[in-house]
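First comes the structure, then the notes that go with it.
The values are calculated or read from the model by the stated rules, or taken from the named source; none is laboratory data. Fair warning: this is a prediction, and the values are worked out from it, not measured in the lab. As a convention, Cβ positions derive from the backbone with ideal geometry for all residues, glycine included, and neighbour counts pool all protein chains shown.
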Amino acid sequence: MKQEKEREVQEFVISDALWTLIEPLVPVHEKKVHPLGCHRRRIPDRQVLNGIFYVLRTGCQWKALDATGICKGSTAHSRFQEWRKAGFFARLWQSALGDYDELQGLDWEWLALDGAITKAPLGGGKKRSQSH
């Protein structure tokens, strides 16, 4: 059971090659001075991004990250909010589109966007009888 969970989590680990492309886009963290001179060590950005991608891919709740061992759900959620406000995900999307355009080519003259609201493919079953 434990090996199965580790294998599942490994599917969401950012490779070294991909991290070298992503790392320059991550907002620089400015250390805050704690009034008592102590604080917890910051979880590495790469580890937190693994957790964020895990949540986005599986559709699980942020708190479910705690059981994966990637990072705490509260850490991933707060960093997600911080990076969203800083425009990180928009820059990441723009960079990925540029890379894809170089490799495969995009027809920028005609584009379409489609979407659907459905259950996440790895989201699991419903946990409660009534939604709020």
Which one is surrounded by the most Cβ atoms within 10 Å (Cβ to Cβ) among residues in segment 69-99 that are in contact (Cβ under 8 Å) with a residue 12 or more places away in the chain and hydrophobic (A, V, I, L, M, F, W, C)?
-> ALA76
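Quick grid of which residues meet (1) at pLDDT below 90; (2) farther than 22 Å from LEU92 by Cα; (3) aliphatic (A, V, I, L, M):
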position: ALA17; (1), (2), (3): no, no, yes
position: PRO27; (1), (2), (3): no, no, no
position: PRO35; (1), (2), (3): yes, yes, no
position: VAL48; (1), (2), (3): no, no, yes
position: VAL55; (1), (2), (3): no, no, yes
position: TRP62; (1), (2), (3): no, no, no
position: ALA67; (1), (2), (3): no, yes, yes
position: CYS71; (1), (2), (3): no, no, no
Across segment 35-69, what is the number of residues that are within 19 Å of THR118 (Cβ to Cβ) and either of a type in the set (Lys, Arg) or in a loop (DSSP other than H, G, I, E, B) (or both)?
-> 4
